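Only one structure is covered here, and it is reproduced in the block below.
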Amino acid sequence: MAALTQLAHHQRPHNHLFFSSAAAARPRRLPATRIRMSLQESGPSLAVVGVTGAVGQEFLSVLSDRDFPYRSIKMLASRRSAGKHLTFQGRDYLVEEIAPDSFDGVDIALFSAGGSISKEFGPIAVEKGGIVVDNSSAFRMDEGVPLVIPEVNPEAVAGIRAGSGKGALIANPNCSTIICLMAATPLHRHAKVVRMVVSTYQAASGAGAAAMEELVLQTREVLEGKPPTCNIFKQQYAFNLFSHNAPVMSNGYNEEEMKLVKETRKIWNDKDVKVTATCIRVPVMRAHAESVNLQFEKPLDEEKAKEILKKAPGVVVIDDRAANRFPTPLEVSNKDDVAVGRIRRDVSQDGHTGLDIFVCGDQIRKGAALNAVQIAEMLL
Ligand SMILES: NC(=O)c1ccc[n+]([C@@H]2O[C@H](COP(=O)([O-])OP(=O)(O)OC[C@H]3O[C@@H](n4cnc5c(N)ncnc54)[C@H](OP(=O)(O)O)[C@@H]3O)[C@@H](O)[C@H]2O)c1
C-alpha cells in the first residue's frame, strides 16, 4: 500500500498491518491504556476472513469504532499473508492462513476474501456452529440465506443468534445495491417503487486494495507521459471511465448490473419491481455515486421525499440548489451515512409519480464492512 500513503487520509483504506520479523504466535499485550473495552469474556469469538484486504481492514476499523464486543478474534487471509503481524485495539496479532480448523469455536465469521473462499469455507464455519456474514456474492441469491441491510429488512435475521451453536449463513448485499436501497427504501415504503433506473459511478476501492494502488500508479504514469500499467483492469483507468469490469452476460447486462436487479427484488421481497442498471467504473479512489430514477405507484412530491429522507436512519440529505451543493464521493469517504441530493421531480413522468435522486456512499464502509458489522450486532 506504499503508493496509497500520499492520498488524503479519508480516501485510504485503513491499515492495521505492519511487518515484523518476530514470529510471535500469540497476541502480545500492549499497554493497558491502549486496549479498548470491546475485548470482553462475554462477547462472541470472531474471525475476520480476508483481513489484509480493503474490506478486511475496514472490518477492523468498524469493529473498533463501534466497540463491538468480542472475547477473541482470528485474523485470517491467504498463505501470502500468513505470518504478517497486525495491530488491533492495542494488541499484536499474527495473520493466519485460512484452514478448516480456523473456525473451531468461532461464533461469528466476517468473510471478505472472494466468492470461492466463501464457498469453500463458509459451509465449514456454519457446520461448526458459527454464523457467517459473507461479503461475496456466493450465497446472496440462495433461498434460505437472508440478504440483509439492517435499516431495510432487519426482520430477515430474526431468530438467528450468535453463540447458540446453530450455524447460519447471512449475505451482505452488493455495495451498489446497499447504497441505492438505503435511499430508495424510505421512499418505497411511502409510495411504492414500481420501476427503478440506476446509473452508477463506481470507485476503484470497489475492486479492492490493488485497484486503488493501480489508480494511483496510473495517474502518476500518465502525468509523467509513461504508458499506464494495466494489471487489475484491462484498460487505462486514470483520466478515463469504462463499463464495469464484471463479466458481461448473454442478455448484455454485466453481473454487477444484474445484482442490482435481483438483489433489490429479494431485499424488498417484491418480485415484480422493475429495475434496470448501467454500472460504470470512474477514476474515483473511494466511495460510489449513483443516479437513481424512481417511478412510484402513488404520488410523492419533492418536499415530502426530502422530509422522508431527512428522517431516514443512515441517510443524510445534501441538497442545496442555490449553492449547487450536492453529495460527492470525497465527502462521504470514510463516513457511515449515505448522502442523497438532487432530489427533484422527474419531468418526463406525469404528475408526482417520478423522482430523480443522486446518492453517494462509502462502499467499503456502508457498502461492505459497516453493513456486515451492523448485521453481526443484530446477532448478539
Ligand atoms: N471492496 C469493496 O468495496 C467490496 C464491497 C462489497 C463486497 N466486496 C467483496 O469483498 C471481498 C474482498 O474484497 P476486497 O475489496 O477487500 O479485496 P482485496 O482488497 O483484494 O482483499 C482480498 C482479501 O482476500 C484474501 N484472500 C484472497 N485469496 C485468498 C485465499 N485463497 N485464501 C484466503 N484469503 C484470501 C486476501 O488475502 P491476501 O492478502 O493474503 O492475499 C485479502 O485479505 C470480495 O468478495 C468482494 O467482492 C468488496
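The values are calculated or read from the model by the stated rules, or taken from the named source; none is laboratory data. Here the structure is a predicted model, which is why all the values come from computation and not from measurement. Glycine also receives a Cβ, built like all others from the backbone with ideal geometry; neighbour counts cover every protein chain displayed. Note: areas computed on protein heavy atoms with side chains; ligands, DNA, RNA excluded. Shrake-Rupley method; radii C 1.70, N 1.55, O 1.52, S 1.80 Å.
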Open item on the list: Of F233, P100, A246, which is farthest towards the positive pole of the chain's charge dipole, taken about the Cα centre with +1 and -1 on the beta-carbons of Lys, Arg and Asp, Glu respectively?
Closed with: P100
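For each pair in K84/K259; K234/K274; K119/K234, compute the distance between the two Cα atoms and list the pairs where it is over 30 Å. Could the numbers behind the result be given before it?
Details: K84/K259 35 Å; K234/K274 32 Å; K119/K234 27 Å.
Result: K84/K259; K234/K274 exceed 30 Å.
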Open item on the list: In the chain, if the dipole is taken from +1 on Lys/Arg beta carbons and -1 on Asp/Glu beta carbons about the Cα centre, which of I149, F121, F358 is farthest to the positive end?
Closed with: F121
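Can you give the extra length, in nm with one decimal, that the chain gains between L241 and E224 once fully stretched, where that is 0.36 nm per residue apart less the Cα-Cα distance?
4.1 nm
Computing the accessible area with a 1.4 Å probe over protein heavy atoms, can you report the carbon and sulfur percentage for the stretch 176-270? Can you show the working numbers first?
Working: 2160 of 4170 Å².
That fraction is 52 percent.
Explain nothing, just the number: relative contact order of the chain, from Cα pairs under 8 Å at least 6 residues apart, as a whole percent.
On the way: 855 pairs, mean separation 64.2, N = 380.
About 17 percent, as a whole number.
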Task: Packing-based order for 315-326, 166-177, using average beta carbon neighbours within 10 Å, highest first - done: 166-177, 315-326
- [ ] Can you tell me the relative contact order of the stretch 177-363? Whole percent, Cα pairs under 8 Å, sequence separation 6 or more.
- [x] 28 percent
Task: Which of P44, P329, A287, positive extreme of dipole for the chain (C-beta unit charges) - done: P44
Open item on the list: Can you give the log10 of the normalised intensity I(q)/I(0) at q = 0.13, 0.14 Å⁻¹, computed with Debye over equal Cα scatterers of the chain?
Closed with: -1.08, -1.23
TODO: Determine which aspartates and glutamates satisfy two conditions relative to K306: a Cα distance under 14 Å, and not lying fewer than 8 residues away in the same chain.
DONE: D319, D320, D356
Open item on the list: For the ranges 357-364, 276-283, 336-343, what's the packing order if you count other beta-carbon atoms within 10 Å of each residue, average per peptide, and put the highest first?
Closed with: 357-364, 336-343, 276-283
- [ ] With just the Cα atoms of the stretch 171-318, tell me how far they stretch along each of the three principal axes, in Å, largest first.
- [x] 55, 37, 25
Task: the chain - mean residue ellipticity at 222 nm from DSSP helices (-39,500 (n - 2.57) per run, n ≥ 4, rounded to 500) - done: -7500 deg cm²/dmol
Task: Relative packing of peptides 215-221, 108-114, 239-245 - highest average C-beta neighbours within 10 Å first - done: 108-114, 215-221, 239-245
Open item on the list: Can you return the lysines within cross-link range of K310? Criterion is Cα-Cα under 22 Å, with same-chain partners fewer than 8 residues away left out.
Closed with: K192, K298, K335, K366
Open item on the list: Could you work out the relative contact order of the stretch 138-267? I mean the mean sequence separation of Cα pairs under 8 Å and 6+ apart, divided by the number of residues, in percent.
Closed with: 26 percent
